[in-house]
Amino acid sequence: MNKPLVSIVLPVRNAEEYLGECMDSIYQQTLKDWELIVINDHSMDRSSEMINRIAQNDPRIRILQNPGNGLVFALNYGINNSTTPLIARMDADDVMNSRRLEQQFNYLDKNLGIGLVSSRVQHFPKANGRERNGYNHYVNWTNNILTIEDHLLNRFIDSPFAHPSVMFRKSIFEQFGGYREGDFPEDFELWLRWMNHGVKMEKIPNILLSWRDHPRRTSRTNSRYIQTKFQQIKAEYINLWLKSEDKLRRRNIFCWGAGRVARKFARILVEAGIQLDGFVDVDPKKVGNPVSGIPVFSLDNLPTPNDCFVFSIVGSRGAREQVSHYLKRKGFKIGLDYLALA
């Protein structure tokens, strides 16, 4: 057996319905020099039996029992027990494209300055419904974020990666820490923390993962993934970013949007220690009526880029693009004078 080049870290918890398809996709990889680290997170179904049967005849597979409880402990335990410099995340209900490991390994091998590489994903099974359409919209959004700059400029809107699509260098995990336990989405927090430390991240513009949606999906069932938790972890890292940017300390901070959803997010920003100096809104009924003591300005009264930095917190479809278009016409530059948070 050749020395493995990549460690696939696969936490498993009650995944018997999809595990066989996931394992088939791993065996079909064109890059064969992998080790698979399966962390059984206290499964109560036939998952353990299925993995044990498969692993009997393949020395590349190691099965670990999660000595703690939950996904974060399982992930950190699996990565700490890996033996290669590269970690490929995978979930037991998803399916790899046959060239995923090969393409991501080659990409990191040729681009030594990149710490993490992902790929475009496809969302399946296709179905209608408001929640499913929301995931489709998210997948379309993240699939259009490819470059280092794209990820930096969009990092505070939403998690820019489908978690099981990433491959990263273990050295980054060791240098800047692994997954944090807490009341927040563990993957989004990790990407924000690593980017805060200057880790460069990109996507290969190919679909290399089929990302399954189903009613038991963790992001649907765990309270760590509700909108408020995303906003709170964003606010933590937005505050760190503002403190690291000396030129922003001399500018007032404005939030574009004074509607109900925007006001709620603004309160979270203030609770994180961010001083807000004003809101901007297109609704004349809101202009001139302070929100929690913070004045609301019209577009015509928005200060110049030299005097303010704008966070766009309007989340309705198409609104982000409209705000960006207006600010650009007024001389604001994305990343330097404004950023979108929703």
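The values are calculated or read from the model by the stated rules, or taken from the named source; none is laboratory data. Keep in mind that this is a model prediction, so the values were computed, not measured. Positions of Cβ are generated from backbone atoms using ideal geometry, with glycine treated the same way; all protein chains shown enter the neighbour counts. Side chains included, ligands, DNA and RNA excluded: accessible areas come from the protein's heavy atoms. Shrake-Rupley method; radii C 1.70, N 1.55, O 1.52, S 1.80 Å.
Summary of values
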item	result
Other-chain or far-sequence residues with amide H under 5 Å of Leu209's (modelled H)	Asn97, Gln122
Rounded Å value of the spacing that divides the Cα centres of segment 106-183 and segment 1-62	22
Mean accessible surface per residue for the chain, computed with a 1.4 Å probe while every protein chain stays in place, in Å²	46
Area accessible to solvent at Thr147, 1.4 Å probe radius, in Å²	60
In degrees, nearest ten, helix 130-143 long axis to first principal axis of the chain (Cα)	90
P(r), alpha carbons of segment 239-290 - 10 Å bins starting at zero, rounded %	23, 51, 23, 3
Amide H partners (placed H, <5 Å) of Leu64, local residues excluded	Val38, Ile39, Asn40
Choice from Ile148, Ile172, Ile54 with maximal GNM fluctuation in the chain (Cα, 10 Å cutoff)	Ile54
Label-reachable residues, segment 1-45, where backbone N falls under 18 Å from a point 7 Å from Asn106's Cα toward its Cβ	5-6, 28-34
Area projected by the alpha carbon convex hull of segment 24-96, averaged over all directions, nm²	5.1
Relative contact order, percent, segment 19-88 [alpha-carbon distance under 8 Å, six or more residues apart]	34
HN-Hα J in Hz across segment 325-342 - Karplus 6.51, -1.76, 1.60, θ = phi - 60°, x for Gly and Pro	4, 5, 5, 4, 5, 8, x, 7, 10, 4, x, 9, 10, 7, 8, 8, 10, 8
Accessible-area composition of the chain, carbon plus sulfur, in percent [1.4 Å probe]	48
Dimensions (Å) - segment 294-342, Cα atoms, principal axes, largest first	28, 23, 16
By average C-beta atoms within 10 angstrom, highest first, the peptides 21-32, 192-203	192-203, 21-32
Amide H contacts under 5 Å for Tyr338, placed H, 5+ residues apart	Val310, Lys333
Relative contact order for segment 1-45, counting Cα pairs under 8 Å that sit 6 or more residues apart, in percent	64
GNM flexibility winner over the chain from Leu269, Leu299, Leu153 (Cα, springs under 10 Å)	Leu299
Phi-based couplings in Hz for segment 191-206 (Karplus 6.51, -1.76, 1.60; Gly and Pro marked x)	4, 4, 5, 5, 5, 4, 8, x, 5, 8, 10, 9, 10, 6, x, 10
Cross-link table Lys243/Lys333; Lys3/Lys126; Lys264/Lys333; Lys234/Lys286; Lys32/Lys234; Lys286/Lys333, entries beyond 28 Å C-alpha to C-alpha	Lys3/Lys126; Lys32/Lys234
Helix 16-27 vs. the chain, principal-axis angle (Cα, 0 to 90°, nearest 10)	80
Packing rank of 283-289, 58-64, where each peptide gets the mean count of other beta carbons within 10 Å, highest leading	58-64, 283-289
Principal axis dimensions, largest first and in whole angstrom, of segment 219-329 by Cα	44, 33, 28
In sequence order, calculated HN-Hα J values of segment 166-177 (Karplus, 6.51, -1.76, 1.60; Hz; x Gly/Pro)	9, 10, 9, 7, 4, 4, 5, 4, 6, 7, 10, x
Neighbourhood net charge (14 Å Cβ-Cβ; Lys/Arg +1, Asp/Glu -1) for Asn206	+2
Highest-MSF residue in the chain out of Asp277, Asp158, Asp91 [GNM, Cα springs under 10 Å]	Asp277
Acute angle (nearest 10 degrees) that the helix 71-80 long axis makes with the longest principal axis of the chain, alpha-carbon atoms	60
